[in-house]
Amino acid sequence: MSVEHAAVERADFDQVMVPNYAPAAFIPVRGAGSRVWDQSGRELIDFAGGIAVNVLGHAHPALVGALTEQANKLWHVSNVFTNEPALRLAHKLINATFAERAFFCNSGAEANEAALKLARRVGFDRAGTEKYEIIATVNSFHGRTLFTVNVGGQPKYSDGFGPKITGITHVPYNDLSALKAAISDKTCAVILEPIQGESGVIPAELEYLQGARDLCNAHNALLIFDEVQTGMGRTGHLFAYQHYGVIPDILTSAKSLGGGFPIAAMLTTEALAKHLVVGTHGTTYGGNPLACAVAEAVIDVINTPEVLAGVNAKHDKFKARLEQIGEKYGLFTQVRGMGLLIGCVLSDAWKGKAKDVFNAAEREGLMVLQAGPDVVRFAPSLVVEDADIDAGLDRFERAAAKLTQA
Ligand SMILES: *Cc1c(COP(=O)(O)O)cnc(C)c1O
């Protein structure tokens, strides 16, 4: 059963799409594992992973199987009814984490929106109308809804959209004294990324997260970890909080949770969850059976000692070679991050030119990411084959050589 499609090309983008993205010149049409093919049949190695989404690469048999099986059973019933995949997925996430309750939605921004609304509602229910202040960090990223761009610490994403949402303070990341100075009994929540992803792959210091936990306890504020980018095995633990041993009150997950199928979750305790009583929050697609069936398969594959240990081994492999390349070509000064979320900090000579590195890599048949203008980011599949790592880094080295010799 093959359907005839009209031919489309990259140029169509500018004719039919809202111009809020600037996609690359080629169009990917097929993927398998860590390889992707474009319209012309050119093969690329994928170290971008759909921005830390394709956690098991492309067309992983377990995910294709779960999706296909569910597609033949039941696609959608709305939250007027519950469904089996959603309940099973909630059990799996709860069994694997601190959490006792799950709320499903469709994107990282929505999961954070739910977390922030829950925090404000808990503050309101417990302490009244004055406990609504949210503390976030400078350069943080929490999504693109109006609430989450205001909570995010990058004004370029919230400027020019009308009045800002009030009751939000931004403090420098990894600066415990700044957090201590800002927090008060009016604070309802502190929201942190355990590794700041979009703004340069900057891991939190252990003392910072521990200190934030203590300050939240002292002021009856909730600690929210935005694990949209760091979760689902990315750091070599199912969630990054497990690496640090600092337990949040609310955790958000998206990106890798669905391995490429849109789904997100807000996880929390029973005592907090009960504040979102019937009618206080919701979304039509949240907990959709197709999405939950895929996410179940993702967690089944990822939350195993073999895959998680493999992430750390692959990290070491990436890091050693990237440090070598960085030094040899004077391209970057530091390779940082955890597990398979890796950032290469460009040297002074290449500062602001992450896009040039992205383009040079693409010309060699390699997909990488930027994390701001000064950092080249890698977020490959957690099960990327060692042979693909070697081949991809060979391509990256060729790109670095050509770029620095040009
Ligand atoms: C990507 C990201 C988001 C937003 O997720 P969307 O699915 O794009 O809404 C939020 N927080 C962090 C840390 C992210 O990396």
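The values are calculated or read from the model by the stated rules, or taken from the named source; none is laboratory data. All values derive from a computational prediction rather than experimental measurement. No Cβ is skipped: glycine too gets one built from the backbone with ideal geometry, and neighbour counts run over all protein chains shown. The protein model used for the area step is the full one, side chains on, heavy atoms only, and it has no ligands, DNA or RNA in it. Shrake-Rupley method; radii C 1.70, N 1.55, O 1.52, S 1.80 Å.
Quick notes
- Region 74-302 - share of DSSP beta bridges that are antiparallel (%, nearest 5): 45
- Label-zone membership for region 151-185, site H219, 7 angstrom Cα→C-beta point, backbone N under 14 Å: 167-172, 175-185
- Computed helical MRE - 222 nm, the chain, DSSP H runs ≥ 4 contributing -39500 (n - 2.57), nearest 500: -12000 deg cm²/dmol
- The base-10 log of I(q)/I(0) for region 74-302, evaluated at q = 0.09, 0.10 Å⁻¹, reads -0.33, -0.41 [Debye formula, identical scatterers on Cα atoms, solvent excluded].
- Note on region 74-302: with charges restricted to the Cβ of Lys and Arg (+1) and Asp and Glu (-1), its dipole about the Cα centre is near 360 debye.
- Accessible surface computed residue by residue for the chain, with neighbouring protein chains in place and a 1.4 Å probe, gives 44 Å² per residue.
- Lys, Arg +1 and Asp, Glu -1 on Cβ, resulting dipole of the chain about Cα centre, debye, nearest 20: 440
- Computed on the Cα atoms alone, the convex hull of region 282-406 gives a volume of 135 cubic angstrom per residue.
- With a Förster radius of 25 Å applied to the beta-carbon distance between M17 and E43, the computed FRET efficiency rounds to 0.45.
- Volume per residue of the C-alpha convex hull in region 284-341, rounded to whole Å³: 111
- Within region 77-156, the chymotrypsin sites (Phe, Trp or Tyr not before Pro) that combine a DSSP coil assignment with at most 11 other C-beta atoms in a 10 angstrom radius are F81.
- Taking GluC sites (Glu not before Pro) across region 4-49, the ones in a DSSP loop with at most 13 further Cβ atoms lying within 10 angstrom of their Cβ are E4, E9.
- DSSP-assigned coil residues among GluC sites (Glu not before Pro) in region 162-260, each with at most 14 further Cβ atoms within 10 Å: E205
- Computed over the chain, the P(r) curve from all C-alpha pair distances, binned at 20 Å from the origin, holds 27, 58, 16, 0 percent per bin.
- Using only alpha-carbon positions in region 87-202, the gyration tensor eigenvalues give semi-axes of 23, 18, 16 Å once each is multiplied by 5 and square-rooted (largest first).
- Reachable lysines from K274, criterion Cα separation under 23 angstrom, eight or more residues apart if same chain: K92, K117, K131, K186
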